[in-house]
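To start, the structure under review is shown below, and the notes come after it.
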Amino acid sequence: MHSRYDYFKDSQVLDVDGQLFPDPLFNYNIGAISKLPTEYKITVRDLTRFWTFMWEQYGMNEKDDQFLNINGIKYIMDLKPGDTVYKVVPEDLDGFFKNKQIGKEE
């Protein structure tokens, strides 16, 4: 099984521990959404157990970064209970992961 980390490369930016941050090789900001997203109000439970939220909504939790990026959210800590996010259908979320890799062969 592949995860998002399989498509990262080393950055030139160091974190607080002196380790290199990963840079994604694909651009989340391109692509089409096939169905109109639905609004969803984030709860305290969603924020404290975000991977559970992703599993319940999409049946996968490894695409949390794509979900946040599609919603224009840089960090999960930027969300507060009651904030509205937009849920895309699983196929659209999956499409951002699979189809938008730079250098991906068709």
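Restricting the stretch 34-43 to residues that are modelled with pLDDT under 95 and closer than 17 Å to Ile73 by Cα leaves a set whose member that is nearest to the chain's Cα centre (by Cα) is Pro37.
Rundown of residues vs (1) at pLDDT 90 or above; (2) in contact with a helix residue (DSSP H, G or I) (Cβ under 6 Å, 6 or more places away or on another chain); (3) among the aliphatic types (A, V, I, L, M), yes/no style:
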position	(1), (2), (3)
Val13	no, no, yes
Asn27	no, no, no
Ala32	no, no, yes
Arg45	yes, no, no
Phe53	yes, yes, no
Met60	no, no, yes
Ile70	no, no, yes
Phe97	no, yes, no
Lys104	no, no, no
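Remark: pairs (first residue in the stretch 79-90, farther than 8 Å from Thr38 by Cα; second residue outside any strand (DSSP E or B) and among the small types (Gly, Ala, Ser); Cβ separation under 8 Å; 6+ apart in sequence or on different chains) = Val89/Ser34; Pro90/Gly59.
If only residues of the stretch 49-63 that are without any contact (Cβ under 8 Å) to a residue 40 or more places away in the chain and in contact with a Phe, Trp or Tyr (Cβ under 7 Å, 6 or more places away or on another chain) are counted, the one that is surrounded by the most Cβ atoms within 10 Å (Cβ to Cβ) is Met54.
The values are calculated or read from the model by the stated rules, or taken from the named source; none is laboratory data. As the structure is a prediction and not an experimental result, all values here were calculated from the model. Reconstructed Cβ throughout: ideal geometry from the backbone, glycine too, with neighbour counts over all protein chains shown.
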